[in-house]
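Working notes, beginning with the structure itself.
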């Protein structure tokens with residue numbers, strides 16, 4: 001914008017918006033437009049004024065609007081302190097989750113579904129976003145694994161699939177993951193995956209929020225961009241005012257993912273970052289020139305499997321049984337023959353698709369893919385499976401078997417689709433239960449589904465249960 005207009009916008013921000021009166025943004029817009037008209041200058045749009053406001057540090061906004069001793073000002077000032085120092089690209093990567101400040105709509109009915117979750121990772125050295133996942137599922141071991149996979153692999157095919165002609169060269173295995181103390185960051189799945197790939201784990205010291213300042217500021221930046229989208233909930237009810245987020249919502253989950261990929265690769269990476277005083281992508285390329293390329297992900301499929309949730313089972317005469325579903329393949333025959341000498345096996349499973357499992361060989365070198373023994377079974381998610389078991393038990397049935405589970409899931413899908421026209425909760429459930437091969441979220445996960453490689457015979461068995469992580 002012209003320099004004189006920018007001066008008016010800046011002055012209005014400080015004497016109208018950044019005051020203890022806490023005037024709303026709409027009042028700021030009115031004041032700027034009035035001053036520009038009186039001065040005979042071009043009138044900037046509300047979006048332009050909002051973007052100018054977003055360039056001001058969050059801690060300064062909190063100090064001026066809430067007071068320097070307010071809890072929000074102290075929190076943000078602390079978060080802006082100095083955390084871990086990275087010496088090169090992917091030296092340190094921070095990951096965190098947040099509910100996204102927007103209401104999304106159903107892919108088919110276009111009716112409101114609710115707010116999704118965002119899991120995002122950032123390279124501390126360059127401030128480049130290494131990867132993300134947007135989903136209706138709450139944070140879990142799975143969302144961490146999917147975000148890490150998206151972070152590690154080359155993204156050209158991903159961008160091509162979205163029809164984006166942008167650059168996102170960030171890929172590779174990080175040296176150190178820096179995380180907060182949420183439960184999903186302390187599970188066996190993440191610990192084993194990091195050990196397998198030589199990734200260090202470091203957790204944020206309690207009482208020192210500045211150690212997570214880089215990722216927290218990134219989330220604030222992304223939410224600021226999202227506040228310009230139709231259907232935004234803004235950051236709080238006061239800021240939202242009378243704005244009807246449900247009535248104005250138009251974006252689906254896949255459309256938000258597309259928008260985020262474009263915002264990251266086409267906008268965020270090319271804008272000067274206040275923390276490093278240069279564009280993140282320029283800093284990344286300079287770091288690569290000085291330090292060389294990060295260690296690449298050799299096999300994206302195996303990389304994802306190494307971060308999927310973990311469960312342990314003993315092998316039975318007919319294979320493995322997890323949650324009443326039996327998995328079998330001819331590759332299991334040598335282990336079945338020696339099952340009396342075999343201890344429990346480490347198994348990984350994608351909760352979005354229960355059609356197959358990944359069993360770690362006894363020597364610990366690699367995983368074998370074992371499909372559901374009934375290959376004609378439709379793909380179902382763990383969410384659908386658990387809902388079906390609840391429904392079966394609520395109906396008074398003491399025994400739960402595989403046949404009843406799949407039949408119940410099909411019935412539930414029909415009920416939810418019928419209810420989706422009337423109920424927002426039903427539409428959200430429908431969005432969560434969509435099998436992985438049909439889900440729009442999977443493009444973020446790089447691999448829509450891990451293809452089954454092994455065939456199996458029809459057999460069944462029980463198994464001894466072992467503790468599981470939360471999926």
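Some values worked out for this structure:
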{"read-out": "Inter-label distance, nm, simple model (7 Å from Cα along the C-beta direction), residue 37/residue 291", "value": "5.3"}
{"read-out": "Stretchable slack from residue 267 to residue 240, in nm (0.36 nm times residue separation minus alpha-carbon distance)", "value": "7.2 nm"}
{"read-out": "Segment 3-76, relative contact order [Cα under 8 Å, separation at least 6], %", "value": "30"}
{"read-out": "Prolate/oblate/rounded label for segment 309-371 (Cα gyration tensor, a/c 1.5)", "value": "prolate"}
{"read-out": "With 10 Å bins from 0: P(r) over segment 92-299, alpha-carbon pairs, percent", "value": "8, 33, 37, 19, 3, 0"}
{"read-out": "Segment residue 403-residue 111, length gained on full extension (0.36 nm per residue, minus Cα span)", "value": "101.8 nm"}
{"read-out": "Three-way shape label, segment 225-344, alpha-carbon gyration tensor, a/c 1.5", "value": "oblate"}
{"read-out": "DSSP-defined beta bridges in segment 92-299 - what % are antiparallel, rounded to 5", "value": "70"}
{"read-out": "Segments 2-9, 192-199 sorted - mean Cβ within 10 Å per residue, highest first", "value": "192-199, 2-9"}
{"read-out": "Contact order relative to length of segment 309-371, as percent, for alpha carbon pairs under 8 angstrom and 6 or more apart", "value": "31"}
{"read-out": "Length-normalised contact order of segment 255-325 in % [C-alpha pairs under 8 Å, at least 6 apart]", "value": "12"}
{"read-out": "Cα gyration tensor shape of segment 268-408, rounded if a/c is under 1.5, else prolate or oblate by comparing a/b with b/c", "value": "oblate"}
{"read-out": "Inter-probe distance in nm under a simple model that places probes 7 Å from Cα toward Cβ, at residue 46 and residue 368", "value": "6.2"}
{"read-out": "Backbone N within segment 257-273 under 15 Å of label point (7 Å from residue 165 Cα along the Cβ vector)", "value": "266"}
{"read-out": "Exposure proxy order (Cβ contacts within 10 Å, fewest to most) of 284, 259", "value": "259, 284"}
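Coordinate-derived values only; no laboratory data. Predicted model, so just to flag it, every value in this text is computed and none were measured. All Cβ positions, even for glycine, are placed from backbone atoms using ideal geometry, and neighbour counts span all protein chains on display.
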